[in-house]
Amino acid sequence: MKKESGIIEIEIDGKKTRMPEGSSVLEAAKELGIYIPTLCFHEALPPQGSCRVCIVELSIEKNGKKRSWLDASCVYPVSDGLKVLTNSEKVIRQRRLILELLLLRAPGSESLHKLAEKYGARTDRFEPLDKGKPDCILCGLCYRVCNEIIGAHAIGSAYRGVEKEVITPLNVGSSNCIGCRACEYVCPTGAIKIKETAKGIKFERMFDFEITMIECKSCGRRFVSSQYLKRLNGKSGVSEKIYELCPECRRKKFRVSSY
Amino acid sequence: MKTATAIKNIDELYELNKKYSQRKEKWEKSVAICAGTGCRANKAVSLISAFKEEFKKKNIEENIVLKETGCHGLCEKGPLVVIRPDNIFYQHVKPEDVIQIVDKTILSGEIIESLLYVLPEDKKQIVKEEEIPFYKWQKRLVFGQNGHIDPRSIEDYFGVDGYSALAKVLTEMTPEQVIEEIEKSGLRGRGGGGFPTGRKWRSTRNAEGDIKYVICNADEGDPGAYMDRSLLEGNPHSVIEGMIIGAYAIGANQGYVYVRNEYPLAVENLLVALEKAREYGLLGENILGTDLSFDIKISKGGGAFVCGESTALMLSIEGKVGEPRTKHIHTSESGLYERPTNLNNVETWANVPIIINRGADWYRSIGTENSKGTKIFSLVGKVVNTGLVEVPMGITLKQIIFDIGGGIPGGKKFKAVQTGGPSGGCIPSELLDMPVDFDELTRVGSMMGSGGMIVMDEDTCMVDVARYFLSFLVEESCGKCTPCRDGNYQLYQILNRITEGEGKEGDIELLEEIAETVRDASLCALGKTAPNPVLSTIRYFRDEYEKHITDKKCPAGVCKNLFNFAILEEKCTGCMLCLKRCPQDAIVGERKQPHSIIQEKCIKCGICFDVCRYDAVIKV
């Protein structure tokens with residue numbers, strides 16, 4: 001069979017598939033319907049391979065010699081002749097340990113417990129960890145989405161190693177935050193929780209500050225911050241008047257007018 | 001803009017080589033004073049001023065030249081002074097010795113015996129530098145000029161054929177031929193990984209893109225290692241020349257030296273060297289009148305160990321957080337500012353001019369099958385001759401530690417040597433006869449790393465050593481990936497527990513399990529190699545771990561909770577010295593009667609052990 005340029009043949013758990021060059025092993029597994037757990041991966045952001053939960057066993061045969069190793073499937077690119085095992089004994093054993101280490105950071109995370117259970121990860125082999133913020137596993141998604149997608153630069157990482165933390169600048173409330181809640185949305189463990197207050201929204205955990213929200217002109221619900229509107233300014237190409245209404249009222253108004 | 005001193009063509013450079021090499025012959029004598037970091041800490045700076053003053057007084061400045069050089073290597077004996085052409089070697093020289101040295105040795109040719117090196121075994125004095133065993137067994141290719149030239153004088157470097165390799169490359173070789181020569185030489189990266197340098201250069205050359213970078217990694221951060229620092233301090237032009245040759249071969253116009261801010265002298269000497277090289281037209285537009293244009297910037301790092309990791313280093317140069325990224329996209333294709341980038345360490349760059357000048361075939365003749373040339377090690381710890389040594393690959397550990405290093409001080413027994421920096425492994429005495437090269441060190445569970453070599457004697461506790469290195473790595477982990485950030489911390493916690501006497505059955509197995517995952521699943525080389533100290537000490541000193549855990553004893557007498565001090569009745573003379581010195585009043589006894597220690601009061605400060613002249617205080 002003639003090889004198409006830019007197309008890579010790869011075998012995962014005994015199943016073969018063809019992927020465009022530059023795809024990751026994780027993407028190829030998805031194509032094949034093979035599940036690989038992930039925590040620090042999000043479609044909105046380029047993969048970074050930091051949590052290491054998605055490790056797989058890779059092997060390649062060259063000149064009769066087989067070399068095998070572990071790597072994170074979210075960042076490892078497919079290549080011709082690459083064979084992948086997503087659930088080998090070694091992968092399961094090491095994934096379990098990684099999950100145990102993460103559980104020490106996020107003992108209160110329901111989603112992490114669910115995943116940990118699947119791999120038989122326990123919490124009783126180590127002393128509780130007195131580092132970091134409650135339930136934050138330092139996956140990096142929150143500050144990456146804030147910096148790379150939203151562009152607000154309201155939060156970032158600070159310190160190093162086991163002391164690393166996600167903080168607002170100088171650990172005081174962030175004036176850059178636009179209250180978009182994207183960080184809360186991407187957080188895989190539920191470490192970031194935001195509640196609605198009389199004036200707007202407030203971080204319940206991770207950070208300690210409040211964002212004032214503007215009332216909807218129609219129903220009075222506080223739904224958006226002025227910083228958010230400022231950021232949208234002109235970008236959407238629709239009348240700014242539309243943002244005076246909350247999403248529900250907006251929908252109602254336009255539904256009536258379009259029928 | 002070209003300066004007036006800029007060298008216009010290759011012939012002019014050769015003229016300079018000739019001129020400054022002949023200049024040496026006119027000097028009656030030269031006095032080389034080590035002004036490297038080690039000797040500076042021992043007052044080499046005031047020694048230099050004393051010499052200057054005395055030279056002025058005696059009015060001999062014209063004929064006798066004073067050289068403030070970089071590190072000579074034998075730091076243990078510093079400050080060092082070498083008087084040439086006779087190579088008279090003086091050690092531990094103090095400013096008050098200067099008048100005598102000038103009057104006797106320099107002016108009358110007389111040797112001052114009290115300043116000579118003394119052989120420890122038979123107390124024989126040695127006059128000449130090259131006859132001292134420390135130097136005799138070395139092969140100082142890269143480090144050779146360090147004791148001869150003033151690092152701030154480009155003229156000195158011209159005088160030792162400086163920049164002639166660059167001239168050769170620009171006139172006689174195509175970039176392709178340069179790469180072939182480096183490939184053929186078998187040079188492998190001296191920063192730790194040991195990747196073939198020529199292959200790296202070739203992939204960067206072949207990578208698509210019109211802007212390419214070369215980087216010199218001078219982020220040496222291993223505890224106790226200072227070879228890159230000493231090279232930059234003592235012979236910066238050799239690194240610069242290597243980088244220009246690399247830039248020509250690869251097709252780069254911009255270079256960076258990433259050096260840590262804690263190396264002020266290296267930064268200073270490098271800055272001077274760069275400025276001089278620019279002045280002579282060796283950096284900038286149309287180097288030596290050719291089409292090559294290239295310049296070097298210094299990027300100062302904050303001293304994070306992880307920034308020695310190439311991907312973190314490049315992010316740091318860009319002004320971003322120095323956290324490594326996954327290396328599946330090769331740096332040679334997308335490195336600094338997402339451009340093709342070639343990164344080599346200080347020592348690797350300094351090897352380049354030597355290979356070009358003396359040829360790949362000659363270079364290949366030194367070393368072992370897969371590790372060619374020499375390697376500089378910083379030999380530290382429990383060894384007589386602490387210092388920097390350069391040896392051919394394939395030399396045995398025994399030769400380095402005993403023949404060059406002079407063995408273990410105080411008649412103690414050798415226990416282990418840790419190579420490769422904090423994330424290297426500990427090699428036991430059974431393996432002292434192994435040849436030192438990239439592959440052998442990896443095979444025994446350690447690594448070459450950038451060339452740290454820490455010697456340990458029988459008083460060292462191997463569990464405590466593993467704990468110490470892990471504490472360093474926990475501190476220096478960037479915290480990006482889980483295994484390195486949290487796995488290493490757990491390793492450290494368990495080791496800490498064991499050394500405090502809280503070890504549990506199953507701890508060794510748990511250490512091994514965590515270490516496996518940290519090694520296999522970490523993102524970068526810092527994490528992947530971090531468990532080496534744990535794994536290698538378990539591999540070679542498992543019984544020591546077991547004694548800590550099961551018997552609650554530290555055989556080396558290091559872990560305070562796991563041994564007691566006791567007084568041997570038959571040896572104790574009742575001199576009362578320990579009793580008087582004990583800060584806790586934990587020692588009781590009458591004069592001329594054997595003393596004893598009240599264990600409940602003892603805080604194990606070790607003062608009694610240190611002060612006893614009769615070896616009556618022991619650790620049990």
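Where a number appears in this text, it was derived from the coordinates with a stated rule and is not lab data. None of the values given here were measured: they were computed from a predicted structure. Here the Cβ positions follow ideal geometry from the backbone for every residue, glycine too, while neighbour counts run over all protein chains shown.
Per-structure values
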item: Chain B - mean residue ellipticity at 222 nm from DSSP helices (-39,500 (n - 2.57) per run, n ≥ 4, rounded to 500); result: -10500 deg cm²/dmol
item: Estimated inter-spin distance, B:E131 and A:D124, nm [label 7 Å along Cα→Cβ]; result: 7.3 nm
item: Net length gained if the chain between B:E62 and B:I99 were fully extended (0.36 nm per residue, minus Cα distance); result: 11.5 nm
item: Whole-number Å³ per residue for the convex hull built on Cα positions in the stretch B:200-351; result: 101 Å³
item: Proportion of all alpha-carbon pairs of the stretch B:564-619 beyond 15 Å (%); result: 32 percent
item: Paramagnetic reach from B:K560 in the stretch B:571-613 [backbone N under 19 Å; point 7 Å along Cα→Cβ]; result: B:581-587, B:597-611
item: Leading residue at positive end of dipole, chain B (Cβ point charges), from B:S446, B:N59, B:M243; result: B:N59
item: Over the stretch B:460-518, equivalent-ellipsoid semi-axes from the Cα gyration tensor in Å; result: 19, 14, 8
item: Table column - 3J(HN,Hα) (Hz), the stretch A:173-189, Karplus curve with 6.51, -1.76, 1.60, x for Gly and Pro; result: x, 9, 7, 7, 5, 9, x, 7, 6, 5, 4, 5, 5, 7, 4, x, 10
item: Listed residue pairs exceeding 25 Å between alpha carbons, taken from B:K29/B:K382; A:K164/B:K415; B:K18/B:K67; B:K94/B:K128; B:K19/B:K43; result: B:K29/B:K382; A:K164/B:K415; B:K19/B:K43
item: Cα-projected label distance for B:E569 with B:K412, points at 7 Å along beta-carbon direction, nm; result: 3.1 nm
item: Theoretical FRET efficiency, 1/(1+(r/R0)^6), r = Cβ-Cβ of B:V588 and B:E500, R0 35 Å, to 0.05; result: 0.80
item: Partner chain coverage, peptide B:468-480 - average Cβ within 10 angstrom; result: 4
item: Rg over Rh, two decimals, the stretch A:4-141 (C-alpha only, Kirkwood Rh); result: 1.02
item: Mean separation of Cα contacts under 8 Å (6+ apart) over length of chain B, as relative contact order %; result: 12 percent
item: Debye-sum result for the stretch B:374-457 in log10 I(q)/I(0), which assumes one identical scatterer on each alpha carbon, at q = 0.16, 0.23, 0.24 Å⁻¹; result: -0.49, -1.09, -1.20
item: Peptides ranked, highest mean first, by Cβ atoms within 10 Å: ranges B:206-218, B:479-491, B:406-418; result: B:479-491, B:206-218, B:406-418
item: Exercise: per-residue mean of other protein chain Cβ atoms within 10 Å, A:91-102; result: 5
item: Peptide ranges B:606-615, B:509-518, B:67-76, B:25-34 listed from the most packed, as the mean C-beta count within 10 angstrom indicates; result: B:67-76, B:509-518, B:25-34, B:606-615
item: On Cα atoms only, tilt of B:175-185 relative to the major axis of chain B in degrees; result: 30 degrees
item: DSSP beta bridge pairing in the protein assembly as shown, given as percent antiparallel to the nearest 5; result: 65 percent
item: q = 0.09, 0.21 Å⁻¹, the stretch B:23-131: log10 I(q)/I(0) [Debye, one scatterer per Cα]; result: -0.20, -1.16
item: Normalised alpha carbon radius of gyration of the protein assembly as shown [divisor 2.2 N^0.38 Å]; result: 1.10
item: Within 10 Å of each Cβ in B:510-520, the average number of Cβ atoms from other chains; result: 4
item: Folded to 0 to 90 degrees: helix B:44-58 orientation relative to chain B principal axis, Cα; result: 60 degrees
item: Nearest-0.05 FRET efficiency for B:D361 and B:N253, computed from C-beta distance (R0 51 Å); result: 0.95
item: Built amide H within the under 5 Å cut-off of B:N342, gap 5+; result: B:Y213, B:V214, B:I215
item: Cα long-axis angle, helix B:488-499 against chain B (0 to 90 degrees, to the nearest 10); result: 40 degrees
item: Binned Cα-Cα distance frequencies in the stretch B:60-216 - 5 Å width, integer %; result: 2, 7, 12, 15, 14, 13, 9, 8, 7, 7, 4, 2, 1
item: Distance between modelled label sites at A:E43 and B:D210, nm, 7 Å Cα→Cβ extension; result: 3.9 nm
item: Anisotropy class of chain B from Cα gyration tensor, a/c 1.5 cut; result: oblate
item: Helical contribution to [θ] at 222 nm, DSSP H n ≥ 4, -39,500 (n - 2.57), averaged over chain A, rounded to 500; result: -6500 deg cm²/dmol
